[in-house]
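Scroll down for the structure; my scribbles are underneath it.
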Amino acid sequence: MSSSVVEARGVGKTFGTGDGQIVALSGIDLQIHQGDFISLIGPSGCGKSTLLRLIGDLVSPTTGTLVVNGKTPGQARLDRDYGIVFQSATLLDWRSVQKNVELPLEIMDFPSEERPARAREMLDLVQLDAFADHFPWQLSGGMQQRVAIARALAFRPSLLLMDEPFGALDEMTREAMQQEVLRVWRETGTSVVFVTHSIPEAVFLSTRVVVMSPRPGHISDEIVVDLPRQRDQDTREQSKYFDLVIEVREALRKGEKGGGAL
Amino acid sequence: MTERDDLIRETPETDVFASFEGDLPTIGRRSSPGRLLRRYLPAFIAFLTVILVWEGLTRLLGVESFVLSKPSEILTSFTETFTTIWGAGMRTLLEAATGFVIGTSLAVATSLAAARWVGFRDGMLPIAIALNATPIAALAPIFNSWFGLTNPFSKMAVVAVVVYFPVMINTTRGLLEVDPAELELMRSMAATPAEVTRRIRIPRALPYFFSSIKVASVLSLIAAIIAEYFGGPQNVLGQYIVNRAQLFQFPDAWAAILVASILGVTFYLLILLAERRLMPWHVSFRSSD
Amino acid sequence: MGGANRRIARTGLSILAVVVAFVLLWEGYKLIWTAMGWENPVSPDDRTMPHTWDIFLTLLRPAQRNGPPFILVELKAALMTLREAFVGFLIGGAVGFGLGVLFVRSTMAERAFMPYVVASQTVPIIAIAPMVVVWGGRIDLPQWLSVSLIAAYLTFFPVAINTLRGLRSPQPTAMELMRSYASTGNETLWKLQVPAAMPYIFTALKVSAAASVIGAIVGELPAGLRGGLGRDLLQFSQQFTAAPEKLFAAVLIAGLAGIAFVGLVTAVEHRWVQANRRLIT
């Protein structure tokens, strides 16, 4: 249980723009263990999405060392160690739901007779098996995002990266999706890194909340969420849950002052 | 992305027919007779009115047919000369269609290369955009001399060049205008550039490609007729129209123009049909309910 | 500003590179095909493919014995064609804009006439040109103005279509906002819809500028109008066996005329964009 999935030491990222350099992240130390559900939370500009993209090797760090599954992030990407879900579902319009889930399997050269069964299994997991032959535009936003999750998990990666996946959904759908993603996490045993700007969402989902602050982006606090792994609507009404929400909120506020903002 | 990519985004969109097309019945939408009537009745009435007023006025004012032919005269000429003008139309269509296929194939090949190699794109696109602004029909006399006045290939070559630029510019734009999230997704799966082209860029470019070849289909026929004007066999539409007009046989000329127009619209509709078969998923074809 | 200069320099450099590449390809083709004795697809002899420098020198040589240089004669012809094209562009642009406004105001008008606006573009202009000239002659229009009308026929279409598209482009909420101000149809048109349509209209104008030059060149042919590029192209193509360089040189000038006109419209567009950016910030 304690083997490291992600290990960051002194990681920093500087973007060169037209009129100079912007330090997006500096001095990031972070350890994520197998089976963790980690939320990255912070105000916009704190670099939480950048950190996620560094782990996924969608951008490269300027300083420090970053290890994913015991290798460089680049190698981990080439080995297809992680699946990713963005804020927009990014489904391909010209493919049916089933074919969208099969996309990574095609790219990763899974035998063609194995793909449909695997995709069905994933659609079962996100409870969309009845919609396999539909096209993306026929689905609601929440359903599209569930297809994106099925697609990210189709090749059984050990790590799931989620970049504000429910940011565009309404509150009711959002809560249902949170339950869904927790169930999937428990059933698959995948480690999850989850970027959000919603405090209740971070607390409800995570085993640990990583609080980040801007200028430059850094980790200002880490809060362990010692709620049981089995969580449901009742969890949202427990006083323990409220205490943790307050704790994260205060950590965020402190981080903002400590960062010298406004 | 480079500075040049702005250039592609700035280039004019050539699908001038698109707004009309949005009104065509979409797949899966059940068109009630009432709705169809309301949609097409005004156009039908406008057509009848124009024809009747045209016929009436030319009769009433006694306008000579070399100034403005009466619709009835054009119709008579159309039926009487049908075998001649239809045969001429077919020869012209052959030039147009062959040139269209050549020009489109070369354009797609160039676009794929331009999407793949940034250097090639940077060098190629500004020139293509500039050449697109030149009156390419002016090449017709050169091609006549090169390939021979009577060789249909000299007309096909003009059509191919006319078709080439809009298709190439639009298709390249389609291949490059990809949602960055889709590129990130493909990167996260460690997909090769060839995979990205096959699974993302080509499907994304299809709508751009089709809107450009729809316009090109109409252009190809007009280009063939213009190329014919600069000399060659007499039994083609361009020469026929010019000869008849020079003899002030305007009803004959109009009848031949009608053939050109019918062929142009048919060619266009064929491509529209192909588009629907190949991209049933596209937004513009989704039923509204 | 430094970026803009660099951009211009780079564009100039790439144009130069293309010219050099073109000359090398042309002359290389001639060399190889001559050496191998190949004739297809195009014979490499000097009658079919004159040397690039001969074409260039033709521009500088007198067009007629003791006359002004060819380039001056052709530039004058280009100016005449451009004048026809420009007037046609203005007429076509105005008609196109008017149709766009009419169609956005009245769905009935759009349904009645739009199909024919589209169908009009399948009619080859070269075919209607002789009739337009006859009509123009009837009402004592100067011939060049008839040619402008032919150019306008190609010009109005993209402008009409894109004006309509542009006028429909504002967000529904923006239209609702204007409605909440109890704004009249005209105010909504000029304060919201027309500004929103400008990028669409400029796009169409660039297409139209190129089309109007084609229209003018092609229109000159059946009109029998002398002194313009169209007539010259026809004349030089008939003299091709005697003096092939002249045709190539004239085609070159025609191409530059088209590029110049589109370039002018693009420059106006940039000015417009900059002026409006200043208003916003």
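Where a number appears in this text, it was derived from the coordinates with a stated rule and is not lab data. All figures in this text were calculated on a predicted structure; none of them were measured in a lab. Every residue, glycine among them, receives a Cβ derived from its backbone with ideal geometry; neighbour counts consider all protein chains shown.
Residues in the range B:170-183 carry Karplus couplings, in order, of 5, 5, 4, 4, x, 5, 8, 7, 10, 4, x, 4, 5, 5 Hz; the curve used is 6.51 cos²θ - 1.76 cosθ + 1.60 with θ = phi - 60°, and Gly or Pro positions show x. For the range C:1-49, the spread of Cα positions along the three principal axes, ordered from largest to smallest, is 53, 16, 15 Å. Using θ = phi - 60° in the Karplus curve 6.51 cos²θ - 1.76 cosθ + 1.60, the 3J(HN,Hα) couplings for the range A:143-149 round to 5, 4, 5, 5, 4, 4, 5 Hz; x is entered for Gly and Pro. The calculated 222 nm mean residue ellipticity attributable to helices in the protein assembly as shown amounts to -21500 deg cm²/dmol, summing -39500 (n - 2.57) over DSSP H runs of n ≥ 4 and dividing by all residues. Once R0 is set to 51 Å, what does the formula 1/(1 + (r/R0)^6) return for the Cβ-Cβ distance between A:GLU250 and C:GLN274, expressed as a FRET efficiency to the nearest 0.05? The calculated FRET efficiency here is 0.55. Straight-line reach from B:LYS155: taking Cα to Cα under 30 Å and skipping same-chain neighbours fewer than 8 places apart, the lysines in range are B:LYS214, C:LYS30, C:LYS76, C:LYS206, C:LYS246. Rounded to the nearest whole Hz, the Karplus-based 3J(HN,Hα) values (6.51 cos²θ - 1.76 cosθ + 1.60, θ = phi - 60°) of the range A:191-198 follow the sequence 7, 10, 10, 10, 8, 8, 10, 9, with x at glycine and proline.
Amide H contacts of A:VAL195 (H built 1.01 Å from N, in plane; Pro and chain starts excluded): A:LEU40, A:MET162, A:ASP163, A:GLU164 sit under 5 Å, all sequence-distant by 5 or more or on other chains.
If the Kirkwood radius is taken over C-alpha pairs of chain B, then at 10 °C and 1.306 mPa s the Stokes-Einstein diffusion coefficient equals 74 µm²/s. Once chain A is represented by equal point scatterers at the alpha-carbon sites, with solvent omitted, what log10 I(q)/I(0) does the Debye formula produce at q = 0.12, 0.13, 0.15, 0.17 Å⁻¹? Normalising to I(0) and taking log10 leaves -0.73, -0.85, -1.11, -1.36. Exposed loop sites are taken as GluC sites (Glu not before Pro) in a DSSP loop (any state but H, G, I, E or B) with at most 15 other beta carbon atoms within 10 Å; the longest stretch of chain A without one runs A:115-262. Please sort by residue number the GluC sites (Glu not before Pro) in the range C:1-84 whose DSSP state is loop and whose Cβ has at most 11 other Cβ atoms within 10 Å. Qualifying residues, ordered by number: C:GLU39. Here B:LEU247 and B:LEU57 are evaluated by their C-beta separation; at R0 = 22 Å the FRET efficiency comes out at 0.35.
Computed from Cα atoms, the angle from the helix A:171-188 axis to the main principal axis of chain A rounds to 80 degrees. Could you compute how fast the range A:102-170 diffuses translationally, taking Rh as the Kirkwood radius over C-alpha pairs and applying Stokes-Einstein at 25 °C with viscosity 0.890 mPa s? Give it in µm² per second. The calculation lands on 193 µm²/s.
Within chain C, the proportion of Cα pairs with more than 30 Å between them is 48 percent. With loop defined by DSSP as not H, G, I, E or B, and exposure as at most 16 other Cβ atoms within 10 Å, which is the longest segment of chain B clear of exposed trypsin sites (Lys or Arg not before Pro)? In short, B:31-289.
The charge dipole of the range A:91-156, taken about its Cα centre with unit charges on the Cβ of Lys, Arg, Asp and Glu (plus for the first two, minus for the last two), comes to roughly 200 debye.
Of the trypsin sites (Lys or Arg not before Pro) found in the range C:210-281, those that fall in a DSSP loop while having at most 13 other beta-carbon atoms within 10 Å are C:ARG226.
Taken over the protein assembly as shown, the ratio of Cα radius of gyration to 2.2 N^0.38 Å equals 1.14. Per Stokes-Einstein, at 25 °C and 0.890 mPa s, what whole-number D in µm² s⁻¹ belongs to the range A:29-124, with the Kirkwood radius over Cα pairs as the hydrodynamic radius? Taking Rh from Cα pairs, D becomes 156 µm²/s.
The C-alpha atoms of the range C:37-185 occupy a region whose extents along the principal axes are 73, 45, 28 Å, arranged from largest to smallest. In percent, rounded to a whole number, the relative contact order of the range C:17-95 is 15, using alpha-carbon pairs under 8 Å and six or more apart. Using the Cα coordinates of the range B:107-194, the gyration tensor eigenvalues translate into equivalent-ellipsoid semi-axes of 36, 13, 10 Å, sorted from longest to shortest. From least to most packed, judged by other beta carbons within 10 angstrom and beginning with the fewest, A:PHE242, C:PHE86, C:PHE261 follow the order A:PHE242, C:PHE86, C:PHE261.
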